[in-house]
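Read through the structure below, which is laid out as structure tokens, and then see the notes.
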Amino acid sequence: MKAKILIKFIFLLFLKINIVFSQNNYVRINEWITEWNLIGPFQLEESIDNINHLQKFEKDYLIEFGGENNFTFNYEKIIQVNEEKLKWTKIYSKDSIINLDEAISKKSYITAYAYKEINFENDGTYIFSLGTNDGGKLWINDIEVWDYSSGRGLKPDENLIPVLMKKGKNKILLKIEERGNYWGFCARFINFKIDKYLEQNNIFNVVSFPNGKAELRFSLNKEIVKNLFKEVKLEIFSDEFNNKLIWSGIWNQKNIMELSINENVFKKYLLKISAERNDNKFWNKTIQFNSGVRSKYVLFENKKTAYKIVVGKDAFESEIWAASELQNILHEISGANFPLEYDDSEISKNEIVVGINKHSEKLLGNNYPKLEFNNEIINYVNVSSSLILFGGAQRGTMYSVFSFLENEFGVRWYTPKVSVIPKKNKYTFEYFNHQEKPFVQVRNDFYYEAFNPIWAAHNKINGAMGFREQHGRIEGYWSVHTFYRFMPPSEFYDKHPEYYSLIDGERIHENAQLCLTNPEVLEIVTERLKKVMIEEPSNLIYSVSQNDWRNPCQCENCQAIVKREESESGVVVWFVNQVAEKIKKEFPDKYVGTLAYQYTRNAPKNIKPNENVVIRLCSIECCFSHDFTSCPENQEFLTDLNDWAKISPHLYIWDYIVNFSHYILPYPNFYVLQPNIKTFHENNSIGIMEQAAYQSRGGEFAELRAYLISKLLWNSDANVEKIIDDFMFGYYGRSGQYIREYFDLLHSQITSDTHIHLGLKTDDVIFSNEFIEKSDEIFNNAEIVAENKEIKERVELARLPLMYLKCSRDPLNSKYDGTYERFKEIVDREGITHFAEDGKPHLEAFHKQIINAK
């Protein structure tokens, strides 16, 4: 009996508390507000304008209640609107949405008010979550905090409005317009999470005006500021090379604050905001904005120009060549003649200055970075009407010129023989302040097409296997697999077999390595390396590396190091470190490189490469249909990459991007190129070589892959799809749409279970008969729409891998249906000498297979 009385008492107490809370309208966080006082409708004017409020919406219809900004609620009061008397009505909705069609009117082009009083136990900032159909305004405690003028559908939580609520009673007044169809709103309070809100919303922004002034705008109600920040510091920097501080001050805590910039020249600036929050945390934000009076400069118009190109009289050869290229290409673009002068001439109003020289120094003053000779950072800027294109003298200035032509005029160097130079009648500019830098120091695009020094310079390829003459010079990697190059068995083995591998108790030299713990081997290799470095000084890195087979030395001394380091790489690094130490003083700016390849791919456990040693890690065993991080087959390589990155001061990647067994065979690996290059970058690589079809033209999509690789080695964040599309339509013209269709079809054959390697074969499951038939149809269409003979021949070269596949899979039919004859014609026309890395033996075997088919 007592238990029943206790339960009844608790129930009545709970009911009483609920009644009190309901009567006092205490806020319920996250719950939709379903009780409102409504008044309306008020007639507006019909309009097709869906951007601004309807006419008469801005009229204050609550004057008799004190007005929208000084509102006093009176439930009993009646107001006269035209011939209609309106009175507040109370509505209780069963769900989250207040249906104004049912509660007020189904008419169009009207407005109404909703009013609610809510109590808060304490002062604080909350989120007023609102969804409306259509636009409207919101006042909290007589302060307007939200205004949306366009038509829209009702979406809960569409507007998350930070509001400051005071302890006790708070007034909420909402005005909603109706344009037609559904009419209603939903609202609730949710907790304000400052970290999330600051991350997702721009509470500050900068507005720039044509008169050159700029204002800082605060998007929230200024009453909220005291609950957010203790103090907000502002700093304005010139968004140029040295980020010079222009002004600093404290935010005035108003919605609009004019920014103090005493420079009238139009340029970009950085506003850095540093705020101390009330929770003692700090919040920082950087906003880039423009300020100053805009001026428009005409570079050329109607085949005429007032500009000249200026280069330093003592400029580096690549700068002079780049200036000449700029002159010729601008002439092709515009038809105008741009005179080329040296910097001993008088400075004039309209100049394109190439490199740092007397003219650029005068124009820039001290407001530019002093770049080292080999610095490759790209810069092009304007000072009033003059342009300055500059970087480090070796290659930076040259790359600045080429990026300027690419970015601003759409110039493309797709292949050594195919460039695109768009024609323009007029070109104007207002402001340039462009800077970019390579993500990796040495960029080696190891395609036959990419060896062309002019193409390589245009596309910012600065690495090579050995030395070649190229504008701006290259960062050469001298040789590979050099043990026998330094110590050929024909010279040493007969007298000193101890210099070579001990295998199963016998010193051998055939398919063997060197005995790296033999001190005489160290001396011979070191002296011969020095000789190479003196005779061939143009390289950056010189290889001391294992031969291209296995059989490392099994002698007691070598294996003791291997055992200690738990890897065959241990004795190699131990040896190469000593070589590097011996040449360091004489060649302080050079590196000794060695391989982490096949049996030496695992990193040693204890020893670390010296500062002047470069580890060249090879990905030869990997799957190349999936990127390194997502494919189970690549996890061992990824582990090795991470391990080497932890201990190596310099890592140089030797990556593989073609099928060496069949250069011409379709090879759908394009979508692993970017993620793999990014992975190399994340693991401290100073250089990347993407080894491809390097002996001959004709590799599958060689032109496209070489071009894309050049872009990714410069900027691993480049937009791959955009680059591919640009190439497809720039290189193949109207046929590009079909080449792209084939490209996508080929890559769609890859699934999570499809793994391709360097030896992908013609009978692989990805090459189904359906794929071949569909591909043939696509290429037929591509050839039909080709604009001219030149484009059609490019399409035929792109089709060559499909013909190769058909010949290999069905040699008899290919011999009789014309596929083989056409294949041979294209091969002869294009001068293709290698179908695979094996060269002539593979080529002869391919032809023999078809000729002998019966």
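The values are calculated or read from the model by the stated rules, or taken from the named source; none is laboratory data. Keep in mind the model is a prediction, meaning the values are calculated, not measured. FYI the Cβ positions are ideal-geometry reconstructions off the backbone, even for glycines, and counts take in every protein chain you see. Surface accessibility is based on the protein's heavy atoms, side chains included, excluding ligands, DNA and RNA. Shrake-Rupley method; radii C 1.70, N 1.55, O 1.52, S 1.80 Å.
Could you check how much of the accessible area of segment 406-541 is carbon and sulfur, as a whole percent, using a 1.4 Å probe?
Roughly 48 percent of what the probe reaches on segment 406-541 is carbon or sulfur.
Round to the nearest 10 and give me the degree value, 0 to 90, for the angle of helix 789-809's Cα axis relative to the longest principal axis of the chain.
Around 70 degrees separate the two axes.
Round to the nearest 10 and give me the degree value, 0 to 90, for the angle of helix 819-830's Cα axis relative to the longest principal axis of the chain.
Helix 819-830 sits roughly 80 degrees off the main axis of the chain.
Need one number: nm distance between label points at Arg734 and Ile534, each 7 Å from Cα along Cα→Cβ, rounded to one decimal.
6.5 nm
Only one of the listed values, (i) 30.9; (ii) 32.3; (iii) 33.6, was derived from the coordinates as Kirkwood radius over Cα pairs in Å; which label is it?
(iii)
7 Å from Cα along Cα→Cβ at both Ile190 and Lys56: what's the point-to-point distance in nm?
3.7 nm
Give the accessible surface of the chain per residue, rounded to a whole number of Å², with probe radius 1.4 Å and ligands, DNA and RNA excluded.
With all protein chains present, the chain gives 46 Å² per residue.
Net charge around Ala323, counting only other residues with Cβ within less than 12 Å of its Cβ (Lys, Arg = +1; Asp, Glu = -1)?
With Lys, Arg at +1 and Asp, Glu at -1, the net is -4.
How would you rank 687-694, 759-766, 230-237, highest first, on the average number of other Cβ atoms within 10 Å across their residues?
For the peptides 687-694, 759-766, 230-237, the packing ranking is 687-694, 230-237, 759-766.
Please calculate the 1.4 Å probe accessible area of Arg294, with all protein chains present, and give it to the nearest 10 Å².
Surface accessible to solvent at Arg294 totals approximately 130 Å².
Counting alpha carbon pairs within less than 8 Å and at least 6 residues apart, what relative contact order, in whole percent, applies to the chain?
Relative CO of the chain lands at 7 percent.
Using only the heavy atoms of the protein chains and a 1.4 Å probe, how would Trp574, Trp88, Trp321 rank by accessible area, largest first?
Trp574, Trp321, Trp88
Among the trypsin sites (Lys or Arg not before Pro) within segment 54-102, which fall in a DSSP loop and have no more than 14 other Cβ atoms within 10 Å of their own Cβ?
Lys59, Lys77, Lys94
How charged is the neighbourhood of Glu636? Take every other residue with its Cβ under 11 Å from the Cβ of Glu636, and add Lys/Arg as +1 and Asp/Glu as -1.
-3
P(r) for segment 382-521, please, calculated from all Cα pair distances in 10 Å bins and given in %.
Each 10 Å bin holds this share of Cα pairs: 10, 27, 20, 15, 12, 9, 5, 1.
Working from Cα positions, state the angle (0 to 90°, nearest 10) between the long axis of helix 720-732 and the longest principal axis of the chain.
For 720-732 against the chain, the angle is about 60 degrees.
Across 10 Å bins from the origin, how do the percents of Cα pairs in segment 548-677 run, short distances first?
Going from the shortest bin to the longest, the percentages are 12, 37, 31, 16, 3.
Ranking request for peptides 745-752, 646-653: highest mean number of other beta-carbon atoms within 10 Å first, then the rest in descending order.
Top of the packing list down: 646-653, 745-752.
If you average the sequence gap of Cα pairs under 8 Å that are 6 or more apart and divide by the length of segment 467-626, what percent do you get for the contact order?
Here the relative contact order equals 22 percent.
Would you mind computing, in nm to one decimal, how far apart the modelled labels at Asn719 and Val207 are, each placed 7 Å from Cα along Cα→Cβ?
Spacing of the two 7 Å Cα→Cβ label points: 3.0 nm.
Suppose only helical runs count, i.e. DSSP H with n ≥ 4. What mean residue ellipticity at 222 nm does that imply for the chain under -39500 (n - 2.57) per run, divided by all residues and rounded to the nearest 500 deg cm²/dmol?
Counting only the DSSP helices, I get -9500 deg cm²/dmol.
So how many Å³ per residue does the convex hull of the Cα atoms of segment 272-383 work out to?
167 Å³
Restricting to the chain, what percent of DSSP beta bridges are antiparallel, rounded to 5?
Just about 70 percent of them are antiparallel.
Would you mind checking Lys213/Lys267; Lys423/Lys711; Lys824/Lys848 for any pair whose Cα atoms are more than 19 angstrom apart? Each step should come with its number before you reach the end.
On the way: Lys213/Lys267 12 Å; Lys423/Lys711 24 Å; Lys824/Lys848 13 Å.
With Cα atoms farther than 19 Å apart: Lys423/Lys711.
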